[in-house]
Amino acid sequence: MIQSINKILKYWKSILVFLLILHLSFAPPSEFKKIPTLFDNEDKLIHVLMYMGLTTVLMFDVSRNMKDWAAKRNRILLICIAFPVVAGGVIEILQPIISFPRTASWFDWLADIWGVLLGWYMMKILFRLLKSHHQ
């Protein structure tokens, strides 16, 4: 039991970012009324940035906690790409149910997916640069 808790706590940064996304996703719209709108559809940029952040933190946590990336490639893809993509979709579906008057949006989910892909590619480039720097 303690080993399981310790494994989970190794991902505390990712868990914290995900909990922040959950809060922002289910908070009542009235919480955001005081924030000025800079441009139309700025929420899509926020979705991209949230999921890019989640993916980069997941990849950072995974890289620090998993040995032998090559052997665990499918597991890493599942954690760092599939989890945020599926979570974003589930959140969109649950928003109108849990946080009325919020609505589900395919475009929000697509922005989440773009964020995941951008975060993934950004971290892959960073890891390559770090690897070549250390050689």
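The values are calculated or read from the model by the stated rules, or taken from the named source; none is laboratory data. The model shown is predicted, which means the values in this text are computed figures rather than measured ones. Don't worry about glycine lacking a Cβ; one is built from the backbone with ideal geometry, like all the others, and counts go over all protein chains shown. Quick note on the areas: whole protein, heavy atoms, side chains included, nothing else; ligands and nucleic acids left out. Shrake-Rupley method; radii C 1.70, N 1.55, O 1.52, S 1.80 Å.
For the chain, the longest principal axis of the Cα atoms and the long axis of helix 83-98 meet at an angle of about 20 degrees.
Largest accessible area first, the listed residues His23, His134 line up as His134, His23 when surface is computed with a 1.4 Å probe on the assembled protein chains. Taking trypsin sites (Lys or Arg not before Pro) as exposed when their DSSP state is a loop state and no more than 16 other Cβ atoms lie within 10 Å, the longest site-free interval of the chain runs over 73-135.
Computed with the Debye formula from one identical point scatterer per Cα of region 1-134, without solvent, the log10 of I(q)/I(0) at q = 0.09, 0.12, 0.21 Å⁻¹ comes to -0.31, -0.53, -1.27. Within the listed set Leu38, Leu117, Leu94, the Gaussian network model of the chain (springs between alpha-carbon atoms below 10 Å) gives the highest mean-square fluctuation for Leu38. The eigenvalues of the Cα gyration tensor, multiplied by 5 and square-rooted, give region 96-135 an equivalent ellipsoid with semi-axes of 37, 9, 4 Å from largest to smallest.
Cross-link reach is defined here as a Cα-Cα straight distance under 23 Å, omitting same-chain residues fewer than 8 places apart; for Lys72 the lysines meeting it are Lys7, Lys10, Lys13, Lys124, Lys131.
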